[in-house]
Amino acid sequence: MLISIPLPDWPAGFTALAAAKVCSALADAYLPWYKLHPLPPLYQSGVRWQLEPGHGSGVDEFASPWTTYARGWGDCDDLLTWRLLELRAAGIRARPAFAWRGDECHVLVSRGGRLEDPSEILRT
């Protein structure tokens with residue numbers, strides 16, 4: 001199934017906030033499926049960070065963790081969703097956050113008062 005959500009022509013910070021909230025909602029939505037079809041831990045999965053082929057086109061795919069695993073790569077929103085999902089499945093409180101990277105916004109994990117960047121950890 002494909003769900004398309006057009007966003008207004010917002011400044012980058014608002015778009016990143018929306019992306020972070022979508023990742024959080026997806027992590028919650030995937031939780032029942034994850035319990036039936038678990039994945040290896042993200043950082044042990046062999047998956048690497050990679051920009052989507054269409055990066056900068058104005059279209060961003062929010063791939064499921066299972067799609068990301070099958071591809072072997074994901075961008076920051078894909079990796080954030082997977083990491084939030086596995087942490088929440090383990091009963092660990094985690095939420096999305098975003099930060100500026102140069103002139104672009106970037107989504108990452110916030111837990112226990114510190115930030116965790118799956119993209120940086122999995123960068124090749």
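The values are calculated or read from the model by the stated rules, or taken from the named source; none is laboratory data. From a predicted model like this one, the values you see are computed outputs, not experimental measurements. Virtual Cβ from ideal backbone geometry, glycine too; neighbours counted across all protein chains shown. For the accessible areas, the whole protein counts, side chains as well, though only heavy atoms, and no ligand, DNA or RNA atoms are used. Shrake-Rupley method; radii C 1.70, N 1.55, O 1.52, S 1.80 Å.
Structure values in brief
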{"quantity": "Condition check for Ala70: under 28 Å from Pro8 (Cα atoms) and either touching a strand residue (DSSP E or B) at 6+ places or on another chain (Cβ under 7 Å) or in a helix (DSSP H, G or I) (or both)", "calculated": "no"}
{"quantity": "Any pair with Cβ under 7 angstrom, 6 or more apart, that starts in the range 11-27 at a residue that is under 19 Å from Gly74 (Cα atoms) and ends at one that is acidic (Asp, Glu)", "calculated": "Ala19/Asp77; Cys23/Asp77"}
{"quantity": "Identity of the residue in the range 49-73, farther than 23 Å from Gly112 by Cβ and touching a Lys or Arg at 6+ places or on another chain (Cβ under 8 Å), that ends up surrounded by the most Cβ atoms within 10 Å (Cβ to Cβ)", "calculated": "Ala63"}
{"quantity": "Hits in the range 55-67 - residues which are within 21 Å of Pro11 (Cβ to Cβ) and not acidic (Asp, Glu)", "calculated": "His55, Gly56, Ser57, Gly58, Val59, Phe62"}
{"quantity": "Complete set of residues in the range 67-91 that are out of contact with any Leu (no Cβ under 7 Å at 6 or more places or on another chain) and within 13 Å of Pro38 (Cβ to Cβ)", "calculated": "Ala90"}
{"quantity": "Subset of the range 18-48 that is open to solvent by 70 Å² or more (accessible area, probe 1.4 Å) and either modelled with pLDDT under 95 or within 13 Å of the chain's Cα centre (by Cα) (or both) - its residue that is nearest to Glu120 (Cα to Cα)", "calculated": "Arg48"}
{"quantity": "Residue count for the range 73-119, restricted to those that are within 21 Å of Ala29 (Cβ to Cβ), out of contact with any helix residue (DSSP H, G or I) (no Cβ under 9 Å at 6 or more places or on another chain) and part of a loop (DSSP other than H, G, I, E, B)", "calculated": "2"}
{"quantity": "Single residue of the range 95-124 satisfying the filter (in contact (Cβ under 8 Å) with a residue 24 or more places away in the chain and more than 25 Å from Trp10 (Cα to Cα)) that is surrounded by the fewest Cβ atoms within 10 Å (Cβ to Cβ)", "calculated": "Thr124"}
